[in-house]
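The values are calculated or read from the model by the stated rules, or taken from the named source; none is laboratory data. Keep in mind that what you see is a predicted model, and the values were worked out from it rather than measured. All Cβ positions, even for glycine, are placed from backbone atoms using ideal geometry, and neighbour counts span all protein chains on display. Quick note on the areas: whole protein, heavy atoms, side chains included, nothing else; ligands and nucleic acids left out. Shrake-Rupley method; radii C 1.70, N 1.55, O 1.52, S 1.80 Å.
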Amino acid sequence: MKFSGGVHPAYHKDTAGLQIEAMPLLHRYVVPIAQHLGAPGKVLVAKGDRVARWQPLSEPVGFVSVPVHAPTSGTVKQVAALPHPLGRPMLAVEIESDGEDRPWEGLAPLGDWRSLDPAALRRAIQAAGVVGLGGATFPTHVKLSPPAEKKVDLLVINGAECEPYLTADHRVMLEQAAEVMEGVGLMMRVLGVPRACVGIESNKPDALAALRRACPADVAAEFVLLETKYPQGSEKHLIYALCGRRVPPGGLPMDVGCVVQNVGTAVACLEAVRDGLPMTERVATVTGAAINVPHNLRVRVGAPLLDVLAHCGGVTPDVGKVIFGGPMMGIGQFDMDVPLIKGTSGVLCLRDDEAVLYEGGPCIRCGACVDACPMGLVPSAMGLIAERFRFEELGDWHVLDCIECGSCAYVCPSRRPLVQHFKRGKAEWRDILEERRAKTERDAKRAETAATA
Amino acid sequence: MLVPTVVLSGIGLLSGLGLALAARAFAVETDPRQDRITEALPGANCGGCGYAGCGDFAGAVVRGDAKPDGCPVCDQETRRLVASIVGLTVQDRAPQVALILCQGGDDVAAKKYRYNGLASCASAALLGGGDKACGAGCLGLGDCQRACAFGAVEMTPSGVARIIPARCTACGQCVAACPKDLIKLVPAEATIHVLCSNHDRGPAAKKACAVACLGCKKCEKSFAEDPRIKVADFLAYIDYEHAPDDPALAALCPTGSLVYRGAAAPAAERTSS
């Protein structure tokens, strides 16, 4: 099934043919404690401590929280607020490598997942700090623990990789096909679902063939080649494309019986259980016209951006913008001192002439954004409202359903900063809702006291 | 000629009579005190009290939901009048004025990226806290100016907001509008202020902005005992309960983040009258 809207940006998947290369050991790593959505963990190490590779640096606080682990052995230089890819300095552990890469003795491999019960698998996945590698970095064990009242019957595996430029998932599917499919089987066991459905965009038929070949006999997976269209990898759109179910507004995939996991996450889950290995590395695409030697890199989490760029031959003098993630939804970086984190699917280096700052013009009511919006919203009207600071009206236009995919801004002939408006609008509308809720509560309490008095 | 005149006058009289009767029959009972309070209030409908306007606030005062001195805009005289209408008394309150605790314009403060988007501080603040290298600095896109119902906020040519004390009524709308929490209400008679909100250590603060408070404590140490300016977390604070009043203090500050804005200062910079 095809979803409505969406766009066809230039894909630039030039790195699709490059084998994953392991990044050499660095002298220094900066590991932020908050690399996932949810509560940041509690730091377990202090300045001067010696740590081993895979040793936990933090412990989870609560259920929606995961630990982070040391990417190599060495000494803790500092635990402080350091530059973070999300823009604000955040608590991080800086490790000076001792070059030994000594593994931690506390690793606890569980062996074959087929003989383990789901609760043990979930615990191992949380302890390994596994988060969704598609970019949203939601803790994987939470997604794998649907509440009892939600009947989940389908595991959706996201191999769409619809963002232009990025090829990390593509390479993982080609080079680690067997591990991906083992991981899929493992997640199906955790969820107790009878089947899985793997969605891959039509520009990666080789990945689909590789996964199908590698699929073990006891893993009931279906493979579907999807239309190449952005944002095919958005979980709501992927679910609709694969099985025709629509996630209700404000709802989660599990409301329609689905759980969506990225292919890289499947591998991480398998490694966490089979080998007891925490998530301390990921595959990231380093690409763009302004990088000298593009790579698909297996990079350890916490590797400083400058070192990664240097390994790829450095940036060209005409570099204009460095983005973590893809060009549509990635986050532009202004500080080259940030580390790569679990959610960094790619580093995109654009030339100055590609990273043009457009001065947004007035809305000409052409409606191109309405056609492009994959969520069926009316970005033109919402943009006009946001521009006038009338945020309380945005709720009527379902601003919270906006997935910030950028399709509207991509097609806008007037170059309006629509996504920016909606990010602000969503924040303001949430504040308004919170205020209203608080007011209702206050009024109820007042009425109660008045009634008793 | 006569007939239409009579007919029209008749219709007019009848309708007038109808309206007069309707006004009696469907009259809305309002507390006369509410009208008197509304009359007494400034009538700017600024919302500084937290109600939808002066009339709404007056109603709340009559109902007992709002305190009679809840209007931040009106003077002491008016507060007393409002309180007397509902038979209450109010305590005297020192007049306040808003103050923007940043003077890091584009000429002195570094930027970390080029911001391109909605000209609103709150939007810019969503992107890594804004484009100023200083994490606490004024973003200069005028959210406070738009929030002010009295035209008391101006943007300096270098792109920071500044309060025009003569117009400021201390209603607090700008305080709420600033996403960087840079605006504070201070006693109007205070003359010495620390116009910085940066808590970074000296070198980091200096790198981000030439007029940042470095936390050097020169001001604090100038007091033999009982300092009225204290440094906490690398930022100086004025003890406004016992505000200092010595123009020479400002000269101690190596960066100019400690300023004198009293009667001896140039008119444009005064915060106190």
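Here the Karplus relation 6.51 cos²θ - 1.76 cosθ + 1.60, evaluated at θ = phi - 60°, turns the backbone of the range A:21-32 into coupling constants of 10, 7, 6, x, 4, 9, 7, 9, 10, 10, 10, x Hz, with x for every Gly and Pro. Model label points for A:His398 and B:Arg146, set 7 angstrom from Cα along the Cα-to-Cβ axis, are 2.7 nm apart. Rounded to the nearest 5, the antiparallel percentage of DSSP beta bridges internal to the protein assembly as shown is 70%.
Considering only B:Phe57, B:Val175, B:Gly47, and ranking their Cα positions along the charge dipole of chain B that arises from unit charges at the beta-carbon of Lys, Arg, Asp and Glu, the one farthest toward the positive end is B:Val175.
Of A:Ala120, A:Ala386, A:Ile432, which is farthest along the charge dipole of chain A in the positive direction, counting Lys and Arg as +1 and Asp and Glu as -1 at C-beta? The residue sitting farthest along the positive end of the dipole is A:Ile432. Here the alpha carbons of the range B:32-85 define both size measures, Rg and Dmax, at 9.3, 24 Å. Here the relative contact order of chain B, from alpha carbon pairs under 8 Å that lie six or more residues apart, stands at 15 percent. Shown here: the range A:233-355, whose C-alpha atoms stretch 50, 39, 21 Å along the first, second and third principal axes, sorted largest to smallest.
For the range A:328-441, the orientation-averaged shadow of the C-alpha convex hull comes to 9.5 nm² (one quarter of the hull surface). If only the Cβ of Lys and Arg carry +1 and only the Cβ of Asp and Glu carry -1, the dipole of the range A:117-274 around its Cα centre is close to 320 debye.
Assigning unit charges at the beta carbon (Lys, Arg +1; Asp, Glu -1) and nothing else, what dipole magnitude in debye, to the nearest 20, does the range A:368-443 show about its Cα centre? Intermediate values should be presented prior to the final figure.
Working: 12 positive and 13 negative charges, 48 e Å.
Charge dipole of the range A:368-443: 240 debye, to the nearest 20.
How big is the charge dipole of chain A about its Cα centre, in debye rounded to the nearest 20, if each Lys and Arg gets +1 on its Cβ and each Asp and Glu gets -1 on its Cβ?
Working: 48 positive and 52 negative charges, 182 e Å.
Computed about the Cα centre, the dipole is about 880 debye.
Taking a point 7 Å out from the Cα of A:Ala209 in the direction of its Cβ, none of the residues of the range A:138-173 has a backbone N less than 15 Å from it. Once the Cα atoms are used to define both axes, helix B:76-85 deviates from the longest principal axis of chain B by about 40 degrees. Distance from the alpha carbon centroid of the range A:201-248 to that of the range A:298-364 works out to 28 angstrom. Excluding ligands, DNA and RNA, the accessible surface per residue across chain B is 53 Å² with a 1.4 Å probe. Given the options A:Val315, A:Val45, A:Asn158, identify the residue whose Cα lies farthest towards the positive end of the charge dipole of chain A (+1 on Cβ of Lys, Arg; -1 on Cβ of Asp, Glu). Positive-end residue among those listed: A:Asn158.
For the range A:441-450, 3J(HN,Hα) computed residue by residue from phi via the Karplus equation (6.51, -1.76, 1.60; θ = phi - 60°) reads 5, 4, 4, 4, 5, 5, 4, 5, 5, 5 Hz, glycine and proline entered as x.
Hey, what did the range B:32-85 get for relative contact order, percent, Cα under 8 Å, at least 6 apart?
38 percent
From largest to smallest, what semi-axes in whole angstrom does the range B:1-68 give when each is the square root of 5 times an eigenvalue of its alpha carbon gyration tensor?
Equivalent ellipsoid of the range B:1-68: 41, 14, 8 Å, largest first.
Given the C-alpha atoms of the range B:110-266, compute the convex hull and give its volume per residue in Å³.
On the way: hull volume 18.3 nm³, N = 157.
It comes to 117 Å³ per residue, whole-number rounded.
Each 10 Å bin from zero holds the following percent of Cα-Cα pairs in chain A: 4, 19, 29, 27, 14, 4, 1, 0. With 50 Å² as the minimum drop in accessible area between chain alone and full protein complex (1.4 Å probe), the qualifying residues in the range A:385-405 are A:Phe389.
How high is the relative contact order of the range A:349-444, in percent, with contacts defined as C-alpha pairs under 8 Å that are six or more residues apart?
Numbers: 94 pairs, mean separation 29.0, N = 96.
Reported relative contact order: 30 percent.
State the Kirkwood hydrodynamic radius of the range A:117-274 in Å, one decimal place, computed from all pairs of distinct Cα atoms.
Numbers: mean 1/r = 0.0655 Å⁻¹.
The Cα-based Kirkwood calculation yields 15.3 Å.
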